[in-house]
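Rule-based calculations on the coordinates, nothing more; no lab input. Nothing here was measured: the structure is a model prediction, and the numbers come from that model. Note that we place each Cβ from the backbone using ideal geometry, even for glycine, and neighbour counts take in every protein chain shown.
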Amino acid sequence: MIKKISIALLLMLFISSAAEAQTPKVEVFNIDKGKVEKSVTMTPVLQDEAQKSVKSMTGIFKKVSPIPKTGYLVKVPLDPAVPVKATGIDVLTSEVIIVISEEQKPILMIFDNENRAFFFEFSHDITKLKKELNL
């Protein structure tokens, strides 16, 4: 229950900040601080890294708690939208949230058409994305 409330609060933060932006922005939410720490204008490198991450999905994240206690949630808008077809989900997604933490491998958070969150493991190395965002 607490996890669902936490995810809902995180989503509200991302949605409210997205409504303010006119140009696509990549947002970095610091889990430790509980706030959006950076808002960076979308670059082709960030777009490419996010798309490669989605295309390299290997399966559903199976742990009970997908959101770690420390780390970052990086929301990246996708333009053009990317099709996601996996167990339990078949959508065209226009944004992805990459969960980055020292506690676990990075995972993807993707929402279906009913705004249900799905968490996926992926194989793409995000070193370039982290460097671009100074994480």
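Residues of region 35-66 that are over 23 Å from residue 132 (Cβ atoms) and either within 14 Å of the chain's Cα centre (by Cα) or among the charged types (D, E, K, R) (or both): 61, 62, 63, 66.
Let me confirm something: among 84, 64, which residue is of a type in the set (Val, Ile, Thr) and under 25 Å from residue 39 (Cβ atoms)? Before you say what the answer is, go through the steps one by one.
Numbers: 64 fails: under 25 Å from residue 39 (Cβ atoms).
Being of a type in the set (Val, Ile, Thr) and under 25 Å from residue 39 (Cβ atoms) holds for just one of 84, 64, which is 84.
Within region 30-60, the only residue that satisfies the criterion of being within 13 Å of residue 86 (Cβ to Cβ) and basic (Lys, Arg) is 55.
Can you say whether residue 71 is in contact with a strand residue (DSSP E or B) (Cβ under 6 Å, 6 or more places away or on another chain) and among the small types (Gly, Ala, Ser), as far as the supplied structure shows? Yes: the conditions hold for residue 71. The residues of region 124-135 that are surrounded by fewer than 16 Cβ atoms within 10 Å (Cβ to Cβ), of a type outside the set (Lys, Arg) and farther than 17 Å from residue 39 by Cα, listed by number, are 125, 127. In region 49-62, the residue that is farthest from residue 75 (Cα to Cα) out of those that are surrounded by 13 or more Cβ atoms within 10 Å (Cβ to Cβ) and among the charged types (D, E, K, R) is 55.
Scanning region 99-123 for residues being surrounded by fewer than 16 Cβ atoms within 10 Å (Cβ to Cβ) and either in a strand (DSSP E or B) or among the hydroxyl-bearing types (Ser, Thr, Tyr) (or both) gives a total of 1. When residue 77 is tested against (1) touching a Lys or Arg at 6+ places or on another chain (Cβ under 9 Å); (2) more than 23 Å from residue 30 (Cβ to Cβ), only condition (2) is not met.
Please find, within region 72-91, the residue that is surrounded by the most Cβ atoms within 10 Å (Cβ to Cβ) out of those that are among the hydrophobic types (A, V, I, L, M, F, W, C) and under 15 Å from residue 121 (Cβ atoms).
So the first thing to find is which residues in region 72-91 are among the hydrophobic types (A, V, I, L, M, F, W, C), and the list is 73-74, 76, 78, 81-82, 84, 86, 89, 91.
Cutting the leftovers down to under 15 Å from residue 121 (Cβ atoms) gives us 84, 86, 89.
On the way: 84: 21, 86: 14, 89: 16.
If we take residues in region 72-91 being among the hydrophobic types (A, V, I, L, M, F, W, C) and under 15 Å from residue 121 (Cβ atoms), then 84 is surrounded by the most Cβ atoms within 10 Å (Cβ to Cβ).
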